[in-house]
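Have a look at the structure below before the remarks.
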Amino acid sequence: MPALTELPEAGLDLDPDELDDLDLVLRGALDSPILTLDRDGSAPVDLAIGSELTLRDAEDAPVATLTVTALIALDDHRFRIIGEATELASGDQRRFGKLPTTPVEVAGKLAGVSGPVLAVPVIGPPNASDLETMRAAAAGLGIEPAKLLLLVQTREKALGSYPAPRLVQQTVRSVKKAGLAPIVVPLPLPIAADAGTRAYSWAQVAARYGASHL
């Protein structure tokens, strides 16, 4: 039987949450380019370590390749694929205009900055109280509001029916109206069932973007 890498349609269709995980990996927002995908059933006999899979979005368009590094049987009805993701060459498909989305882009905006950098996760439109809390937190660290990183949640699973572009736009509008000048970074923040795991994941992402405090 031919190896999976030789099959013309060797690939996986990703759901929206998996696409968000892939987005984080490809941006360099995590410590490694490793992606984990769980699937129902048992692993196909053609699938092996070293196989290369094409990852596709909801429109069946290829978005990345995955080189399999591990296969794990979770139980009789489910298995896990772990691999290294690589972005496919494509045109500029930025969703949020000129806002920085990668650690490298944020590092460019923080060039020459010394001292603490505070990251603030944004999971809903910031109100006056939220903005005042940001000011107070920055003041407590002795930093200017320009050294705030607003990590705006864009993960569909977390926002539900609330459109991510609207949240990003409202966040930008609110901080501008309040006279703040933070760095707004739209990205699919990791989600977890318990608050402790979620906070730990957010802290890891914030650190990748140059933040010293969350």
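For residue 123, which of the numbered conditions (1) in contact (Cβ under 8 Å) with a residue 60 or more places away in the chain; (2) under 15 Å from residue 29 (Cβ atoms) fails to hold?
Every listed condition holds for residue 123 apart from (2).
Restricting to the stretch 103-133, name every residue that is open to solvent by 30 Å² or more (accessible area, probe 1.4 Å) and in a loop (DSSP other than H, G, I, E, B).
Hits for the stretch 103-133 are 111, 112, 113, 114, 115, 116, 123, 125, 127.
Determine, yes or no, whether residue 34 is farther than 23 Å from residue 158 by Cβ and not polar (S, T, N, Q). Reasoning before the result, please.
Working: farther than 23 Å from residue 158 by Cβ: no; not polar (S, T, N, Q): yes.
No: the conditions fail for residue 34.
Restricting to the stretch 79-89, name every residue that is open to solvent by 80 Å² or more (accessible area, probe 1.4 Å) and either closer than 17 Å to residue 34 by Cα or not aliphatic (A, V, I, L, M) (or both).
Of everything in the stretch 79-89, those that are open to solvent by 80 Å² or more (accessible area, probe 1.4 Å) and either closer than 17 Å to residue 34 by Cα or not aliphatic (A, V, I, L, M) (or both) turn out to be 84, 87.
Let me confirm something: among 196, 210, which residue is assigned to a loop (DSSP other than H, G, I, E, B) and of a type outside the set (A, V, I, L, M)? Break it down stepwise before answering.
On the way: 196 fails: assigned to a loop (DSSP other than H, G, I, E, B).
Result: 210 is the single residue among 196, 210 that is assigned to a loop (DSSP other than H, G, I, E, B) and of a type outside the set (A, V, I, L, M).
Considering only the stretch 170-199, state which residues are surrounded by fewer than 15 Cβ atoms within 10 Å (Cβ to Cβ) and within 23 Å of residue 138 (Cβ to Cβ).
Within the stretch 170-199, 173, 176, 177, 179, 181, 199 qualify.
For the stretch 136-168, name all the residues that are in a helix (DSSP H, G or I) and surrounded by fewer than 15 Cβ atoms within 10 Å (Cβ to Cβ).
136, 139, 140, 146, 157, 165, 166
Among what's in the stretch 44-76 and is open to solvent by 60 Å² or more (accessible area, probe 1.4 Å) and touching a residue at least 40 places away in the same chain (Cβ under 8 Å), pick the residue that is nearest to residue 16 (Cα to Cα).
Restricting to residues being open to solvent by 60 Å² or more (accessible area, probe 1.4 Å) and touching a residue at least 40 places away in the same chain (Cβ under 8 Å), the top hit is 58.
The values are calculated or read from the model by the stated rules, or taken from the named source; none is laboratory data. These figures come from a predicted structure and were not determined experimentally. All Cβ positions, glycine included, derive from the backbone under ideal geometry; neighbour counts span all protein chains shown. Just so you know, the surface numbers come from the protein's heavy atoms only, side chains and all, with ligands and any DNA or RNA stripped out. Shrake-Rupley method; radii C 1.70, N 1.55, O 1.52, S 1.80 Å.
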